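Peer 1: My questions all concern the structure below.
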C-alpha cells in the first residue's frame, strides 16, 4: 500500500463500518452522549490443539492509547465518509452526524481503567473497562479488540516459550512469516511475554532495544558459488564480526563440515585474543545435533560457546529437546544441565503467529449505560450460560493465599471492597452449584487489579518501559501455582463473582426471561 | 506505537538485522555488487489440520513494490544503524558500509519477474524471482517474505471460503480479531481471494471499495437498557437505514423475539414502500436457524430477503451448513437451493488469521550469482531432498491439456522454451523414479507465468485493479480440475522440472556431495 494511504488505513477509519453506522443511529435517536460502560474480556485461554494455555499475559494497552490519541476524525476521514453510499446510492452518513464527529479524537470523553501490561490475566474477567459517551465508546471497539487481542495472544505464547526454555535466551525472529505489519506489534508483544531480543530492526530502534541476528545460508552459498568454501565464509564472518561471531553450521553438512569449520575459525579467533560466541543449528534433529555439537566444541576447548537452535521451534519443541538431552546427555559423557544452560532459541513463525491458536477470542461488551444520571446494567442473555454477560459497573480483584500465590480473580460490583470483607463468597461465573467461602485468615492479600489510564480524554498514566512490563510478567508468574503454568491440560485458575454481583446477575436473567 | 515511529518501523528497517549484517559482510569482501538471483517459493500448501489447500492464490506483490519504492535508507535509518552495538559495545556497522547504503531505496538495481496477483500458484515453483546486487537483494528478503507469504495465505483461505459458498456474498469482517495492522493487508488479500466486501472502513476507502456492515448487539442492548425494547431498536435502525436494513436477530431470542420483531419492522417498511434487505444470525445452529428463519420470512411475505450468517465461520462450517440445508430443507417445505442462494456469510477471525494454518512457509533462496559476467548456480544441499534448491536461472510455465485445464507447472532453465517442444519431459522435483513425457498434441497451450515487474529499479508493470486481480483468480480456478480444489485431501497438482534443469540439479548435487 502506498504511503499516502497510511494515515487513512491506520487512523480513525481503522474500524469496522458498523461501529460508525451504530454511532450515527445513537446520534439520531439522541442517546449518543449517554455515558456507557463497555468491558473487555476474553472467554477462553488459547488452545493450541495438543497444548493449552492456563493463563494469558495482558499486552497492547500502550499502543491502543497511542492510536486513540493520534486518531482524529479529520478532513480526510470526513471527506471519505461523505462518499459512502447505501444500497440505493444515497449517502450513508448525514452532515448532522458527521458534524458531531468532526474533529473528535478517539479519546474524546473516554475513561479507561485497565490491568497493566505484562500482568497475568484470566477469562471472563473484565481486564479493561471503557467508560464514555455511547457513540465514541462504540467506535472504539474494533481497534481496541484488534490491539489487545493480538498482543495478548503473542505475549502469552512468548511467555510459554520463555518458561519452558528455563529462562535461556529466546530470540524473536518471525518477521519473514509474520502477518504483514503485525510483525511490529508481534515483536513488542514477544518481548513483553519473554523473548529477550528481536531481529526486527525497526522495532528494536523504536523500543530502544538491541536488535539480534547473525547470518543465513545465503552468505555461505554466495561465497561458495564465487569460488570459496564454507571455511572462507566463516573466516569472513569472524573477520567482520569478531565480537558477534555466531556461525550457522548447516549449509552443507552440520557434523562433517559446519562444526569442524566453525571450530577451525574459533581456534584462529582464540589466537587473536577474540572470543567466539557460538554456533546456530537450523535443521535436523536439534537435540541430537546439540549433543554432538557440545561434544565437539568441548573437545576443541570451547565449552562456553552458545548453541542457538532454530527451525520451526515452539514450546513443545523446546520441551522435547530439553527432555531428549536430559535422557541422552549422560551416555554421551555430557552434563545435561550444562548443555541445556548453553542453549539459546531462535523462535520465528510459531511465536509471532501463535501457531495452533491464531486469535484470542476477546470481546468488548456494553454492560451498563447511564440513564438520567443513574447506571442501568445491560445484559445480553445467551443460550450458552457462559456467554451471558456480567452486568453492571464492576471492579476486579486478585486473591492471594497465605503462601503468596494467586488463587482466584474476583469480579465484584464497584461499591464492594473485598479487601475489607471477613468472608469472601466466591461464585462460579455460570454454575450456581459451584461456590465457596474463604475467610480472610486464609488470605495474605487482595489486590485491586485496575489502574486508571485515561480519565475523560486525559492520559493520567505513566506508561512503563518494556523492562518494567517484563517485570510485571515475571512477578505474576512467580505468584502462579505451577499447575496453572504447565503446557498441557493446565489446572483451571478460579475466576469468581462476588455475592452481590452474582445476585444482580440472577435477578436480571430472571427479569429478562420473564419479559 | 506513536506515529512518530511509523516511518522507522514500516520503512527500510522493516527487516531482520541479519540481512544488514550479511550485506555489510558482502560489502567488506567486495561481492556486494555481484548480481545475484533469489527465488521466492513456498514448500507446502496450507494444511489446516482437518482440511488442506490444493492450490494457493498469489497476493501481496503490489504492496511489496510500493514498500520497496518508498523505503529508503535515509537520515533516520542511518542515524539508528550507527548506534547499533556488537556484544563488546563497538559499532556493528561501519561508516564505509553505511556510506554505500546511504540514500538507496530498496528498489535500487533490483529486477523482479513474478506471477501476477490473483493467479493460482503451487509449491516449489519460483513464483517470483529477484535479480539484483547481492547486498540489496539480500536486504529485501524479510519484507518480501512477510508481504507475499501473508497475503497469499489469506487470499488462499478466502478463495476456499468463496468456492464453498457457491459464489454467494462473503463479507470480510475480521478486524477485531486480526493481527494488529495486518487487518489491512488481510482485508485486501481476502478481497483478492474471494471476499466481496470488507467491514474495514479505512481499507475500503483506500481501495475504493464500498465497505459493508450493519449493527451489533450493543445497539439493541443500549436501547433496551434505556427503556425501549428490541422492536424499538429495529424500528430505529430501519428508520435511519431504510436502504440498508439488515437486522441482527439474536440479541434476546432468535426465533421467539428477533425474527418476529424483524418481520414486524419489515411489514412497516413495506407499507412505506421501503425494501428490507434481511436478517443476520450470529449464534446457535446456523443451519437449523436458517431453515426456521426462511420459513418465517417466507410465510410473512419476504421470500427475497437475505439471511446473513456469522459466528466463527470458515469453509468447513459453510460446507456443513449447506449440507444440512440440503438434507433438511425438503421436510421443512423449503427448496434447499433457493435457501442456499439467499444466504450470505460474514467471515471474521477464521479467514483473516487463516485459522488452522497461521503461516505460509514461503522462502527466498539464493539460486545463482554472477561471477565475471557468467551465472553460477548455487545450491544448498539438504538432508531432506525436498529442501534442496533448484539451481540456476529459470523460467516457469503452465501446461494446459486439451480440455483447457491446467495439468502441471513446469520449472525450466531460462534458455528453454517448452511452448516449442514436441515432447515435454516432466520430472518430479525430487523423486527420480517419477517422470513422464507429454507430446504436444496432448496439450492445448503452454503459458509463460512470469511477468516483468521491475527492471533495474524501474517499475515497468501497470498494477491491475483489485477487480482485475479477482478476475485472474476466477479464470485460474475455472482452469483447475475440481479434485485440486476440493476442501479435504485435494488431488496433488503436478509441479515438474524440465529435462535440462533436472540434469543440472543432478550434476550439482553429485559435485557437491563429492566435495
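The values are calculated or read from the model by the stated rules, or taken from the named source; none is laboratory data. Being a predicted model, the structure only gives us computed values, none of them experimental. Cβ placement follows ideal geometry from the backbone for every residue including glycine, while neighbour counts extend to all protein chains displayed.
Listed here are the residues, each with its yes/no results for (1) modelled with pLDDT of 95 or more; (2) in a loop (DSSP other than H, G, I, E, B).
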{"site": "B:351", "(1), (2)": "yes, no"}
{"site": "B:357", "(1), (2)": "yes, yes"}
{"site": "B:361", "(1), (2)": "yes, yes"}
{"site": "B:367", "(1), (2)": "no, no"}
{"site": "B:375", "(1), (2)": "no, no"}
{"site": "B:381", "(1), (2)": "no, yes"}
{"site": "B:395", "(1), (2)": "no, no"}
{"site": "B:399", "(1), (2)": "yes, no"}
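Peer 1: Regarding residue B:213, is this residue at pLDDT below 95, crowded, with 24+ Cβ neighbours inside 10 Å, within 11 Å of chain A (Cβ to nearest Cβ) and closer than 20 Å to residue A:23 by Cα?
Peer 2: Values: at pLDDT below 95: yes; crowded, with 24+ Cβ neighbours inside 10 Å: yes; within 11 Å of chain A (Cβ to nearest Cβ): yes; closer than 20 Å to residue A:23 by Cα: yes.
So residue B:213 fits the description; yes.
Peer 1: Another one. So which of A:346, A:356, A:362 ends up being within 13 Å of chain B (Cβ to nearest Cβ), within 25 Å of the chain's Cα centre (by Cα), under 30 Å from residue A:246 (Cα atoms) and touching a residue at least 12 places away in the same chain (Cβ under 8 Å)? I'd like the intermediate steps shown before the answer.
Peer 2: On the way: A:356 fails: under 30 Å from residue A:246 (Cα atoms); A:362 fails: under 30 Å from residue A:246 (Cα atoms).
A:346 is the lone residue from the list that is within 13 Å of chain B (Cβ to nearest Cβ), within 25 Å of the chain's Cα centre (by Cα), under 30 Å from residue A:246 (Cα atoms) and touching a residue at least 12 places away in the same chain (Cβ under 8 Å).
Peer 1: In this structure, does residue B:376 turn out to be free of Cβ contacts under 8 Å to residues at least 24 places away in the same chain and in contact with a strand residue (DSSP E or B) (Cβ under 8 Å, 6 or more places away or on another chain)?
Peer 2: Spelling it out, residue B:376 is indeed free of Cβ contacts under 8 Å to residues at least 24 places away in the same chain and in contact with a strand residue (DSSP E or B) (Cβ under 8 Å, 6 or more places away or on another chain).
Peer 1: Another question, if that's okay. For the stretch B:65-182, list the helices (runs of 4 or more DSSP H) that sit wholly inside it and hold at least 2 residues that are at pLDDT 95 or above and assigned by TED's automatic domain parsing to the domain that holds residue B:204; which are they?
Peer 2: Numbers: elements: B:75-83, B:95-101, B:134-139, B:141-164.
Those helices (runs of 4 or more DSSP H) span B:141-164.
Peer 1: Given the criteria part of a loop (DSSP other than H, G, I, E, B) and either surrounded by 19 or more Cβ atoms within 10 Å (Cβ to Cβ) or at the interface with chain A (Cβ under 9 Å from one of its Cβ atoms) (or both), does residue B:31 qualify? First the steps, then the outcome.
Peer 2: On the way: part of a loop (DSSP other than H, G, I, E, B): yes; either surrounded by 19 or more Cβ atoms within 10 Å (Cβ to Cβ) or at the interface with chain A (Cβ under 9 Å from one of its Cβ atoms) (or both): yes.
Here the answer is yes, as residue B:31 does meet what is asked.
Peer 1: Wholly within the stretch B:230-336, which helices (runs of 4 or more DSSP H) include no fewer than the required count, namely at least 1 residues that are within 33 Å of the chain's Cα centre (by Cα) and more than 11 Å from every other protein chain (Cβ to nearest Cβ)?
Peer 2: Values: elements: B:230-240, B:259-271, B:286-299, B:315-328.
The qualifying helices (runs of 4 or more DSSP H) are B:286-299, B:315-328.
Peer 1: Could you list, in sequence order, the residues of the stretch B:401-422 that are touching a strand residue (DSSP E or B) at 6+ places or on another chain (Cβ under 8 Å), free of Cβ contacts under 8 Å to residues at least 60 places away in the same chain and under 17 Å from residue B:503 (Cα atoms)?
Peer 2: Here is the first cut: in the stretch B:401-422, the residues touching a strand residue (DSSP E or B) at 6+ places or on another chain (Cβ under 8 Å) are B:401-404, B:406-414, B:416, B:418-419, B:422.
Now narrow it down to the ones that are free of Cβ contacts under 8 Å to residues at least 60 places away in the same chain: B:401-403, B:414, B:419, B:422.
Answer for the stretch B:401-422, where residues must be touching a strand residue (DSSP E or B) at 6+ places or on another chain (Cβ under 8 Å), free of Cβ contacts under 8 Å to residues at least 60 places away in the same chain and under 17 Å from residue B:503 (Cα atoms): just B:414.
Peer 1: Output yes when any residue across the stretch B:82-89 is in contact with a helix residue (DSSP H, G or I) (Cβ under 7 Å, 6 or more places away or on another chain) and away from every other protein chain (no Cβ under 14 Å), and no when none is.
Peer 2: Looking only at the stretch B:82-89, we keep the residues that are in contact with a helix residue (DSSP H, G or I) (Cβ under 7 Å, 6 or more places away or on another chain), and these are B:82.
Imposing the further condition that a residue be away from every other protein chain (no Cβ under 14 Å) reduces the set to none.
Taking every residue of the stretch B:82-89 in turn, none turns out to be in contact with a helix residue (DSSP H, G or I) (Cβ under 7 Å, 6 or more places away or on another chain) and away from every other protein chain (no Cβ under 14 Å).
So that you can scan it fast, the table gives a plain yes or no per residue for (1) surrounded by fewer than 19 Cβ atoms within 10 Å (Cβ to Cβ); (2) within 23 Å of the chain's Cα centre (by Cα):
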position: A:435; (1), (2): yes, no
position: A:438; (1), (2): no, no
position: A:483; (1), (2): yes, yes
position: A:489; (1), (2): yes, yes
position: A:507; (1), (2): yes, no
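Peer 1: Looking at the stretch B:7-30, is at least one residue in contact (Cβ under 8 Å) with a residue 12 or more places away in the chain, within 30 Å of residue B:315 (Cα to Cα) and within 26 Å of the chain's Cα centre (by Cα)?
Peer 2: no
Peer 1: Of the conditions (1) in contact with a helix residue (DSSP H, G or I) (Cβ under 9 Å, 6 or more places away or on another chain); (2) more than 7 Å from chain B (Cβ to nearest Cβ), residue A:171 fails just one. Which one is it?
Peer 2: The failed condition is (1).
Peer 1: Sticking with this structure for a sec: Part of a helix (DSSP H, G or I), within 9 Å of chain B (Cβ to nearest Cβ) and without any contact (Cβ under 8 Å) to a residue 60 or more places away in the chain: does that describe residue A:185? Steps first, please.
Peer 2: Working: part of a helix (DSSP H, G or I): yes; within 9 Å of chain B (Cβ to nearest Cβ): yes; without any contact (Cβ under 8 Å) to a residue 60 or more places away in the chain: no.
No: the conditions fail for residue A:185.
Peer 1: I've got another one for you. Considering every residue within the stretch B:36-47, establish whether at least one is facing chain A (nearest Cβ under 9 Å), out of contact with any strand residue (DSSP E or B) (no Cβ under 8 Å at 6 or more places or on another chain), under 20 Å from residue B:108 (Cα atoms) and crowded, with 23+ Cβ neighbours inside 10 Å.
Peer 2: Applying the first criterion (facing chain A (nearest Cβ under 9 Å)) to the stretch B:36-47 yields B:36, B:38.
Restricting the remaining residues to those that are out of contact with any strand residue (DSSP E or B) (no Cβ under 8 Å at 6 or more places or on another chain) gives none.
There is no residue in the stretch B:36-47 that is facing chain A (nearest Cβ under 9 Å), out of contact with any strand residue (DSSP E or B) (no Cβ under 8 Å at 6 or more places or on another chain), under 20 Å from residue B:108 (Cα atoms) and crowded, with 23+ Cβ neighbours inside 10 Å.
Peer 1: Go through the stretch B:225-248 and report how many residues are buried (at least 21 other Cβ atoms within 10 Å of the Cβ), in contact with a helix residue (DSSP H, G or I) (Cβ under 7 Å, 6 or more places away or on another chain) and more than 25 Å from residue A:84 (Cβ to Cβ).
Peer 2: The total comes to 1.
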